[in-house]
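Have a look at the structure below, then the notes.
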Amino acid sequence: MKTKAKTPELLINDVVSDRKSKSIRYAFAFLIAVMFITGCEKFSGIPSDGPLTNTASIGLELIADNLVSPLSAVQAPDSSNRLFILDQVGKVWIIGADGQKLAEPFADVSSKLISLSPQYDERGLLSIAFHPEYKNNGKFYLFYTTSPRAGGPAPGVNWNHLNRISEFKVLSGNPNKADMASERVVMEIDHPQGNHNGGTIAFCADGYLYISVGDGGNADDVGAGHVPDWYEVNAGGNGQDILANLQGNILRIDVNCATGYLIPKSNPFVGKPGLDEIWAFGFRNPYRFSFDLGGKHQLYAGDAGQGLYEEIDIVSKGGNYGWNVKEGTHCFNTDNNSVVRPTCPDTDPDGRKLIDPIIEVNNVANPNGGIATTIVGGNVYRGKTIPQFQGKYIFGIFSSGFTTPNGKIFVSESASSGLWSYEEIVLKDFSNNLGLFLKGFGQDLKGEIYIVGSTQLGPSGNSGKVYKLAMVE
């Protein structure tokens, strides 16, 4: 049994500071980093040659508003038909089976959070996951960022914050209230910079908890807290390192224990070189991921790119997803991150193939044109309301810039090989975009999909909304 992780970090999306050569960076230099951002009129990557599906009657049904910065929406596996809304500022709200938002939050960790910048922040309350046996044991898990521990990743450099995953229980006798005194810390991870935390936790059908962890922050996977890796051509390397820390990975742990967590014996690096918690590696900032409720229950992760390419990956056991050797399907270049390096390896020293994404979208900063500042991973549609979306993957982009809330969502068609096609979902009654910074997705137990976001770049105001993707007249 392990009582805590060995050393790493986790949270929301991408950074303005990453765009070192872009004028945008200077206009927003006061921001710690920029999370999820998006794009616009012109497609790059592999857009669809023709319509994947008729979206003329698809729109959004308002589920909740007056939130601050909602990041996800999930349903508890307890047959109550309640929807739980996660707000970045530290609160979890309930939408009852009658469609009404309860007056008091289900859970509140706002007093435990590190102080957030209202202009923009990637930290906060990032994810919630309900135990598969929640109906019987009342256990759920939160991923949030709190004040840093003493010390730092290098002499004279302090940690930026501490990422914490904790177990809580519902209050005995009141299913609409969490017992906040029941907190049991499962894992804590020191984080060197304020961005690239990853930040999703979710249970798979195998009963284990999966956790996405970014590369530690900064641009290019370099700086204090970023170790060298095997690929000496590019500086940095948390994404490719599996020995020194948990950064740049998706983890898999067993939380069914009294203290800390257990390591599933089937994890890929058990008994081999590599930290036992790691399920897959080679990620930059896998901010949002989800499991398909049907099919093979595959794990789909949106990984935020540096400045040229954004990607969606299907994540498999022990897989190496390339960062920072590659960005999307292209060779990354730390010497000049706005220019693709002519060549790079396609396998790592242990013979593992660097796995390419299933979806690639050009970043808005790409000199060849692009539509996304940051990609936002979504869900495979398994509902019944929109039959033409059945089995297709829905994802989005944060917005087409840092000042206008104009996020968009897309539907993608699977391919037997190579990159998947995708097209924008043109929503009825929404002129050309969501009118929000898209901050995440949600899915209920019936497979229906929810869209969450706000008109504010950072965690401030009360413009946060939750919509359900629906057929409209």
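Every number here is computed from the coordinates shown, using simple stated rules; none is lab data. Just so we're clear, the structure is a prediction, and the values are computed from it rather than from any experiment. Note: ideal-geometry Cβ built from the backbone for every residue, glycine included; neighbour counts use all protein chains shown.
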Worksheet item: Relative contact order of the stretch 338-422: what whole-number percent is it, with Cα pairs under 8 angstrom and at least 6 residues apart?
Response: 20
Fill in: Förster radius 30 Å - calculated FRET efficiency between S266 and K135, Cβ distance, rounded to 0.05
0.70
Worksheet entry | Cα-projected label distance for H297 with M180, points at 7 Å along beta-carbon direction, nm | 3.4
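What per residue convex hull volume, in Å³, comes out for the stretch 108-251 when only alpha-carbon positions are used? Before the final figure, lay out the partial values.
Working: hull volume 18.4 nm³, N = 144.
About 128 Å³ per residue, rounded to a whole number.
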Worksheet item: Could you give me the ³J(HN,Hα) list for the stretch 132-140, computed from phi with Karplus coefficients 6.51, -1.76, 1.60 and θ = phi - 60°, whole Hz, x at Gly and Pro?
Response: x, 9, 4, 4, 9, 9, x, 8, 9
Item to complete: May I ask which of K101/K384; K101/K465; K101/K177; K139/K439; K91/K465; K91/K177 have a Cα-Cα span longer than 18 Å here?
Response: K101/K384; K139/K439
Discussion item. Just to be sure I understand: if I project the alpha-carbon convex hull of the stretch 312-360 onto a plane and average over all orientations, what area do I get in nm²?
Written reply: 3.6
Worksheet item: For the chain, what relative contact order do you get, as a whole percent, if you take Cα pairs closer than 8 Å and at least 6 residues apart?
Response: 21
Worksheet item: Once amide H atoms are placed 1.01 Å from N in the peptide plane, what residues at a sequence separation of 5 or more from N256, or on another chain, have their amide H within under 5 Å of its amide H?
Response: L262
Worksheet item: At what distance in nm do the modelled label points of S414 and D206 sit from each other, each positioned 7 Å from its Cα along Cα→Cβ?
Response: 1.9
Worksheet item: Across the stretch 193-204, in residue order, what do the Karplus-derived ³J(HN,Hα) couplings come to in whole Hz, using 6.51 cos²θ - 1.76 cosθ + 1.60 with θ = phi - 60° and x for Gly and Pro?
Response: 10, x, 10, 6, 8, x, x, 9, 10, 7, 8, 9
Worksheet entry | Cα gyration tensor shape of the stretch 327-440, rounded if a/c is under 1.5, else prolate or oblate by comparing a/b with b/c | oblate
Worksheet item: For the residue pair F430 and T343, what label-to-label distance in nm results when each label sits 7 Å from Cα along the Cα-to-beta-carbon direction?
Response: 4.5
Discussion item. Test of understanding: what is the full-extension gain from S80 to V227, defined as 0.36 nm times their sequence separation minus their Cα-Cα distance?
Written reply: 48.3 nm
Discussion item. What does the C-alpha gyration tensor say about the overall shape of the chain? Classify as rounded when a/c is under 1.5, otherwise prolate if a/b is larger than b/c, or oblate.
Written reply: rounded
Worksheet item: What residues have an amide H closer than 5 Å to that of G152, excluding those fewer than 5 places away on the same chain, when H is modeled at 1.01 Å from N in the peptide plane?
Response: W159
Practice prompt. List the extent of the Cα atoms of the stretch 191-273 along each of their three principal axes, largest first, rounded to whole Å.
Written response: 40, 29, 23
Item to complete: Give, in nm to one decimal, the length gained when the segment between L62 and C257 is fully stretched (0.36 nm per residue of separation minus the Cα-Cα distance).
Response: 66.3 nm
Worksheet item: Using modelled backbone amide H atoms (1.01 Å from N, in-plane), which distant-in-sequence or interchain residues come within less than 5 Å of V364's amide H?
Response: I371, A372, T373
Response to the item:
For the stretch 339-416 the trypsin sites (Lys or Arg not before Pro) that pass both the DSSP coil test and the at-most-12 other-Cβ-within-10 Å test are K384
Worksheet entry | Cα-based shape type of the stretch 206-321, given that a ≥ b ≥ c are square roots of the gyration tensor eigenvalues and the cut on a/c is 1.5 | oblate
Discussion item. What whole-number distance in Å separates the alpha-carbon centres of the stretch 221-240 and the stretch 331-380?
Written reply: 16
Discussion item. Going by average Cβ density within 10 Å per residue, which order do the peptides 394-403, 135-144 take, highest to lowest?
Written reply: 394-403, 135-144
Worksheet item: aspartates and glutamates near K265 by alpha-carbon distance under 14 Å, same-chain residues fewer than 8 away left out - which ones?
Response: D206, D254, D276, E277
Discussion item. Could you tell me which residue out of T329, P105, L354 lies farthest along the dipole of the chain toward its positive end? Charges go on the beta carbon: Lys and Arg +1, Asp and Glu -1, centred on the Cα centre.
Written reply: P105
Worksheet, complete the sentence: Packing-ranked peptide list from 121-132, 269-280, highest mean Cβ count within 10 angstrom first, is 121-132, 269-280
Worksheet item: For the residues F283, F332, what sequence is obtained by ranking on other C-beta atoms within 10 Å, fewest first?
Response: F332, F283
Worksheet item: Hey, what did the stretch 90-151 get for relative contact order, percent, Cα under 8 Å, at least 6 apart?
Response: 27
Discussion item. Apply the Karplus curve 6.51 cos²θ - 1.76 cosθ + 1.60, θ = phi - 60°, to the phi angles in the stretch 231-240 and return the couplings in whole Hz, x for Gly and Pro.
Written reply: 8, 6, 4, 9, 5, x, x, 4, x, 9
